[in-house]
Amino acid sequence: MQSHSTDVDGIRMRWEEAGAGEPVILLHGIPTCPALWREVAPLIEGRRVLAWEMPGYGALIPEGRERDISVAKQADYLVAWMRELGIGRAVLAGHDLGGGVAQIAAVRHPEMVSGLLLTNAISYDSWPVPLVSAVAKAGSIARHAPDGSFHQLLRMMFSKGHETDAAAEAAYDAHAPHYDRHGEAEAFVRQARSLDVEDTKAIADRLPTLGIPARIVWGAADEFQEIEYGERLAKDLDAPLRRIEGGKHFTPEDHPRILAEEIDALARTVAAR
């Protein structure tokens, strides 16, 4: 994957890209960045794979200062970026917040979304999770917490969301440096305070009307996004649900091969149409 960046409507946009063919766009959540998909992307063959970075996250944390970085607004940024790159239609694969961005983009711009894959994604009233809500409410306290406490929080999130200590540590190494460089707790508080459950509740009743190919992949032991939400999404989107028994939240990092298989299957369904 090669890193790229461009300016879109005065916002620096960044993404990782590899391959050629019909586009598949990979969307991350909190507290991650496009590196979430680092082991999935190389397994997707015959496609143009783009892992997009939300403004205000990862290397683009500075772009979130004094700017709306809500999930609903991220859908607008995503569509603007797609148009800038000349991508008229793409498969969207979203995890966590990225899944919410994908749902909103599909509802608002169905002509631009050819397929939808959601894995342990926010939806309906499933979010923000209590831990993130607590950070948002205690923002001023969190910003001035003792040195090291913010990174303990990150380690706890990755530990709870991964199946092994090694995977949690690898995730921490991939995502934490962006916070180190761009404000640490202050950046995370800004992200947490941007989250509004109304963003997904507002489009929930439109999901059954989308009529596009979709697939759901869910770590069934996720403590952040419970399997019941994956089941509800599968029903509303008329989509198959692949349960990962024992799987936790960060499925793209714990089960890259399964995610790549499901993305490939979705892309084949889209092509057949």
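The values are calculated or read from the model by the stated rules, or taken from the named source; none is laboratory data. In this text, all values refer to a predicted model and were calculated from it rather than measured experimentally. So basically every Cβ, Gly included, is an ideal-geometry build from the backbone, and we count neighbours across all protein chains shown.
Can you find, within the range 239-258, the residue that is nearest to residue 42 (Cα to Cα) among those that are surrounded by fewer than 23 Cβ atoms within 10 Å (Cβ to Cβ) and of a type in the set (Lys, Arg)?
Here the answer is 257.
Give the range 66-109 a look and list any residue that's outside any helix (DSSP H, G or I), in contact with a helix residue (DSSP H, G or I) (Cβ under 8 Å, 6 or more places away or on another chain) and closer than 21 Å to residue 232 by Cα, or say none.
91, 92, 93, 94, 95
Please work out which residue is nearest to residue 207 (Cα to Cα), limiting yourself to the range 239-260 and to residues that are without any contact (Cβ under 8 Å) to a residue 40 or more places away in the chain and of a type outside the set (A, V, I, L, M).
The qualifying residue nearest to residue 207 (Cα to Cα) is 240.
Kindly indicate whether any position in the range 52-68 is surrounded by fewer than 24 Cβ atoms within 10 Å (Cβ to Cβ) and among the β-branched types (Val, Ile, Thr).
Looking through the range 52-68, none of the residues is surrounded by fewer than 24 Cβ atoms within 10 Å (Cβ to Cβ) and among the β-branched types (Val, Ile, Thr).
Starting from residues that are in a loop (DSSP other than H, G, I, E, B) and modelled with pLDDT under 95, keep the ones in the range 121-144 and report whichever is surrounded by the fewest Cβ atoms within 10 Å (Cβ to Cβ).
Out of the qualifying residues, it is 144.
Residues of the range 218-233 being over 20 Å from residue 157 (Cβ atoms) and either touching a helix residue (DSSP H, G or I) at 6+ places or on another chain (Cβ under 7 Å) or surrounded by fewer than 20 Cβ atoms within 10 Å (Cβ to Cβ) (or both), which ones?
228, 231, 232
Of all residues in the range 176-196, count the ones that are at positive phi and within 16 Å of the chain's Cα centre (by Cα).
0
Looking only at the range 67-81, count how many residues are acidic (Asp, Glu) and closer than 14 Å to residue 191 by Cβ.
1
May I ask you to say which residue of 89, 83 is of a type outside the set (Asp, Glu), over 17 Å from the mean Cα position of the chain (by Cα) and under 15 Å from residue 49 (Cα atoms)?
Only one candidate passes the filter, namely 89.
Looking at the structure I just gave you, is residue 25 closer than 22 Å to residue 157 by Cα and either at pLDDT 95 or above or among the basic types (Lys, Arg) (or both)?
No; evaluated as a whole, the condition is false for this residue.
Among the residues in the range 237-245, are any at positive phi and out of contact with any strand residue (DSSP E or B) (no Cβ under 7 Å at 6 or more places or on another chain)?
yes
Listed here are the residues, each with its yes/no results for (1) under 20 Å from residue 137 (Cβ atoms); (2) among the charged types (D, E, K, R).
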| site | (1), (2) |
| --- | --- |
| 166 | no, no |
| 181 | no, yes |
| 187 | yes, no |
| 191 | yes, no |
| 203 | no, no |
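If residue 66 passes every condition in (1) at pLDDT 95 or above; (2) more than 29 Å from residue 169 (Cα to Cα) but one, which one does it miss?
Result: residue 66 passes all but (1).
Restricting to the range 184-230, give me the number of residues that are in contact (Cβ under 8 Å) with a residue 12 or more places away in the chain, in a helix (DSSP H, G or I) and either in contact with a His (Cβ under 6 Å, 6 or more places away or on another chain) or not basic (Lys, Arg) (or both).
15
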